[in-house]
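Participant: Sharing a structure, written as structure tokens. Questions coming.
The values are calculated or read from the model by the stated rules, or taken from the named source; none is laboratory data. Only a predicted model underlies this, so the values are computations on that prediction, with no experimental measurement involved. With ideal geometry, Cβ positions are generated from the backbone for all residues, glycine too; neighbour counts draw on all protein chains shown. Surface areas here come from the heavy atoms of the whole protein model, side chains and all, with no ligands, DNA or RNA. Shrake-Rupley method; radii C 1.70, N 1.55, O 1.52, S 1.80 Å.
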Amino acid sequence: MRPVVELLQHISAEPVRFDPDRLHRLFRQLGERSAEAMLSRALEELAVRLSLCEDHWHAESWQDLQKCARSIIAISEQIGLTTLARVSGDVTGATARRDLAAVGATLARLVRIGERSLTAVWDLRDLSV
């Protein structure tokens with residue numbers, strides 16, 4: 001039983017990868033005020049889309065789930081959330097193959113990583129204020 005507990009602890013402790021250079025470039029390109037506004041909109045949109053992905057899963061709306069996961073990739077890459085983008089790509093691939101077990105597993109991982117990624121960026125923003 002112990003290896004299962006250790007595995008679950010490892011899974012829940014998966015690090016969130018973040019590209020700070022991407023955010024620095026955005027702030028240089030857009031200026032602080034515009035970059036802050038864009039980042040806030042991106043974080044809000046990611047939270048909405050993560051929830052929508054779960055809704056599409058429960059509704060068995062595979063095409064909508066795939067489309068929603070692809071949109072998470074674009075937003076995540078824009079603000080430097082590399083792990084979130086990669087895991088969202090895994091959901092997209094599993095959905096395209098209609099591998100429902102893989103979709104369920106990767107979607108659960110996407111939600112975990114998404115929540116931690118959003119928290120990490122909000123915490124980072126709080127430190128810079």
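Participant: Let me check something: with ligands and nucleic acids excluded, how do Ile79, Ile73 order by accessible area (1.4 Å probe), largest to smallest?
Facilitator: Most to least solvent-accessible, the answer reads Ile73, Ile79.
Participant: Now a separate question. Can you compute the FRET efficiency between Leu100 and Arg41 using 1/(1 + (r/R0)^6), with r the Cβ-Cβ distance and R0 = 41 Å? Round to the nearest 0.05.
Facilitator: Efficiency computed from Cβ-Cβ geometry: 0.80.
Participant: Which FRET efficiency value, to the nearest 0.05, is calculated for Glu115 and Leu30 with the Förster distance at 30 angstrom and r the Cβ-Cβ distance? Working shown, then result.
Facilitator: Details: r = 26 Å, r/R0 = 0.87.
Here the calculated transfer efficiency is 0.70.
Participant: Another question about this same structure. On average, how much accessible surface per residue is there in the range 17-100, in Å², for a 1.4 Å probe, leaving out ligands, DNA and RNA?
Facilitator: 56 Å²
Participant: Compute the Rg/Rh shape ratio of the range 17-129: radius of gyration over Kirkwood radius, all on alpha-carbon atoms.
Facilitator: For the range 17-129, the value is 1.01.
Participant: Just add up the charged neighbours of His56: K/R +1, D/E -1, any other residue whose Cβ is under 9 Å from the Cβ of His56.
Facilitator: -3
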